[in-house]
Amino acid sequence: MRYVLTAIKAVNAVSDPSKMQDIVRTLTELHDLGKVKNDKDLQERIDEYFKLCAYGNIRPGIESMACALGVSRTTVFNWINGIKCTDKRCEIMQRAKSVIDATLEQMSLNGLISPPTGIFLMKNWLGYADSYELSTNKVEQMPEQFARSREEILASLSADMIDSLESEDE
């Protein structure tokens, strides 16, 4: 029981309840704005979303942006890919995603996100991948001057080593 209480205290020390309240309050404000009605409304909402992220201490992300726009995450990805939207809407969404991606990258590079979390998010959200380089070299045939028979090699070894090798062969 003592260990459980110690763990709870450690978690509470790390997670500030007032910070969580601010995040939930900000996200609720964004959600309560409802669904965007047109491209102009979309641009204004995205601008407002990024301001709220900056001042509300929220890392911008696709899910919270979808919440701010009053649409699903799937709809956001559709708009980013130009599906069921105007060209203008696609352009607005691609720029917004670019800001989110760059923010994630910079937070990772500056130590504001733990390396494993940053790696996971960048691989899964930004399409980053580990790269492996495999090179093959053609093995050239050994020059004749370096190729020696067993007898030639044994002749060049000391007598003690020869006795050792011959006893291994038996």
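Since Lys37 meets every condition but one in (1) in contact with a helix residue (DSSP H, G or I) (Cβ under 9 Å, 6 or more places away or on another chain); (2) free of Cβ contacts under 8 Å to residues at least 12 places away in the same chain; (3) assigned to a loop (DSSP other than H, G, I, E, B), which condition does it not meet? Of (1) in contact with a helix residue (DSSP H, G or I) (Cβ under 9 Å, 6 or more places away or on another chain); (2) free of Cβ contacts under 8 Å to residues at least 12 places away in the same chain; (3) assigned to a loop (DSSP other than H, G, I, E, B), only one is false for Lys37: (1). Restricting to the range 118-127, give me the number of residues that are without any contact (Cβ under 8 Å) to a residue 12 or more places away in the chain, part of a helix (DSSP H, G or I) and either touching a Gly at 6+ places or on another chain (Cβ under 9 Å) or open to solvent by less than 70 Å² (accessible area, probe 1.4 Å) (or both). Result for the range 118-127: 0.
When you check Gln94 against the structure, is it touching a helix residue (DSSP H, G or I) at 6+ places or on another chain (Cβ under 8 Å) and at pLDDT 75 or above, yes or no? So Gln94 passes the test.
To keep it simple, each residue is scored yes or no on (1) within 13 Å of the chain's Cα centre (by Cα); (2) farther than 25 Å from Gln21 by Cβ; (3) surrounded by 11 or more Cβ atoms within 10 Å (Cβ to Cβ).
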{"site": "Asn78", "(1), (2), (3)": "no, yes, yes"}
{"site": "Cys85", "(1), (2), (3)": "no, yes, yes"}
{"site": "Ala96", "(1), (2), (3)": "no, yes, yes"}
{"site": "Asp101", "(1), (2), (3)": "yes, yes, yes"}
{"site": "Glu105", "(1), (2), (3)": "yes, yes, yes"}
{"site": "Pro116", "(1), (2), (3)": "yes, yes, no"}
{"site": "Ala129", "(1), (2), (3)": "yes, yes, no"}
{"site": "Leu134", "(1), (2), (3)": "no, yes, no"}
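Considering only residues in the range 42-72 that are in a helix (DSSP H, G or I), loosely packed, with under 14 Cβ neighbours inside 10 Å and of a type outside the set (A, V, I, L, M), the one that is modelled with the lowest pLDDT turns out to be Tyr55.
The values are calculated or read from the model by the stated rules, or taken from the named source; none is laboratory data. In this text, all values refer to a predicted model and were calculated from it rather than measured experimentally. Backbone-built Cβ (ideal geometry, glycine too); neighbour counts: all protein chains shown. Only protein heavy atoms, including side chains, enter the accessible area calculation; ligands, DNA and RNA are left aside. Shrake-Rupley method; radii C 1.70, N 1.55, O 1.52, S 1.80 Å.
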